[in-house]
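For reference, the structure discussed in these notes is given below.
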Amino acid sequence: MAKLACPYPAFPVQYSLDDRFYDDNAIISLELIEDYEITKNPASLARAEKQVAFSMTGEDTKCGGGIYWVEQYRNKPDNDFCNKAVCASAFTTTYLLKLYQHTKNEEYLKFAKRIYSWLTTYTKDPSDNLFWNDIRIRDNYINKTKWTYNSGAMISNNVLLYEITQDVSYLNEARAIASSSYRVFTRTVDNKIFFPDHDSWFNVCLFRGYLDLLKHDTNALNYVNTFINNADYAWKNARNSNDLFYEDWSGIKQGRDKWLLQQAALVEIYGRIALLKGEKE
């Protein structure tokens, strides 16, 4: 696992080398692995493997373990950004498990299981099986905000661990998170069920988790179909005069409709729905 680290900053390098986020780098690794799965280009898998060395720099034993949110603040405990983030830890776990599936490198699996253990021990709300946002280093303060993307990543992690180990307890954990996330995060508008009216990409990450679970549990089809209904409704009822999608898929609030991330989320969900349905055009 001693490969040269190749982290990505949040800005083009000509503007800044700061703000190298551990969650962003994990997400890039996931995209590289997905590219490898589609194209079989070994360079994509190799680039994802190079990220492991960077991810390892984000782990220490403070607050019990886990991965920091952003590199530049990991040694600045007085700053609020010095925290162990569920998003960074969960997405890092996901890409490590996927790397293990492709390479059978046991070090990736050990690293993933270590972070997974921290997530379930320190950041899971036992009342609903969902995950808090982060733990601040200076005082161990737990930010108990819950986001759809953390739930989605942890559904995927449990499905991946089930696929790797065949331990059904992981699959049952994925089912529990999926059921609770559907109950907690959905709302009813005009007798229709919608996911949250903000952070479209976060919601799409939850959709990914449901799709992963669907491969092993047809009961997840209810969750998936709600997302499909949301996407269909947004196409007809939640676009501005320039055909950009509202952040709120129910069409009530425009939100950050001119933010690229919101638009990219809809492109992704329509693509994943098309793949699920076997549509090619």
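Taken over the alpha carbons of the chain as equal point scatterers, the Debye sum produces base-10 log I(q)/I(0) values at 0.09, 0.11, 0.12, 0.17 Å⁻¹ of -0.42, -0.64, -0.77, -1.50. Near PRO77: Cβ cut-off under 15 Å, other residues only, Lys/Arg at +1 and Asp/Glu at -1. The net charge is 0.
Can you tell me how the range 4-116 classifies by the Cα gyration tensor, rounded, prolate or oblate, using a/c under 1.5 as the rounded cut?
Cα axes put the range 4-116 in the oblate bin.
Defining a contact as two alpha carbons under 8 Å apart and six or more residues distant in sequence, what relative contact order in percent does the range 232-278 show?
Numbers: 49 pairs, mean separation 11.6, N = 47.
Relative CO of the range 232-278 lands at 25 percent.
Residue-wise HN-Hα couplings along the range 93-100, as the Karplus relation 6.51 cos²θ - 1.76 cosθ + 1.60 with θ = phi - 60° gives them from phi, are 4, 4, 6, 5, 5, 5, 4, 4 Hz; Gly and Pro carry x.
A Förster distance of 45 Å, applied to the separation of the beta-carbon atoms of ASP167 and LEU276, puts the FRET efficiency at 0.95.
List the lysines whose alpha-carbon lies under 22 Å from that of LYS192, not counting same-chain residues fewer than 8 positions away? Partners within reach: LYS236, LYS253.
Dividing the summed -39500 (n - 2.57) terms of all DSSP H runs of n ≥ 4 by the residue count of the chain sets its mean residue ellipticity at 222 nm at -18500 deg cm²/dmol.
Partner lysines whose Cα lies under 18 Å from the Cα of LYS124, excluding those fewer than 8 positions away in the same chain, are identified as LYS62, LYS84, LYS113, LYS144, LYS146.
To put it simply, the accessible area of the range 137-239 at a 1.4 Å probe is 46 percent carbon and sulfur.
With each label modelled as a point 7 angstrom along the Cα→C-beta vector, the THR218-ARG183 pair spans 2.4 nm.
Taking only the Cα atoms of the range 55-179, the ratio Rg/Rh comes out at 0.97, with Rh defined as the Kirkwood radius. Solvent-accessible surface of the chain, taken per residue with a 1.4 Å probe and all protein chains present: 48 Å². Computed as a quarter of the hull surface, the mean projected area of the alpha carbon convex hull for the range 159-281 stands at 8.1 nm².
Among 62-72, 199-209, 118-128, 34-44, how do they line up from the highest to the lowest mean number of other beta-carbon atoms within 10 Å?
On the way: 62-72: 20.9, 199-209: 23.4, 118-128: 16.1, 34-44: 13.1.
Output ranking for 62-72, 199-209, 118-128, 34-44: 199-209, 62-72, 118-128, 34-44.
Our summary gives the range 46-97 a relative contact order of 28 percent, counting only alpha carbon pairs under 8 angstrom and 6 or more residues apart. The spread of Cα positions in the range 75-143, taken along each principal axis and listed from longest to shortest, comes to 39, 33, 14 Å. The mean sequence distance of close C-alpha pairs (under 8 Å, at least 6 residues apart), as a share of the length of the chain, puts its relative contact order at 11 percent.
The values are calculated or read from the model by the stated rules, or taken from the named source; none is laboratory data. Quantities reported herein were computed from a predicted structural model and do not represent experimental measurements. In this analysis, Cβ positions are derived from the backbone assuming ideal geometry, glycine residues included, and neighbour counts consider all displayed protein chains. Surface accessibility is based on the protein's heavy atoms, side chains included, excluding ligands, DNA and RNA. Shrake-Rupley method; radii C 1.70, N 1.55, O 1.52, S 1.80 Å.
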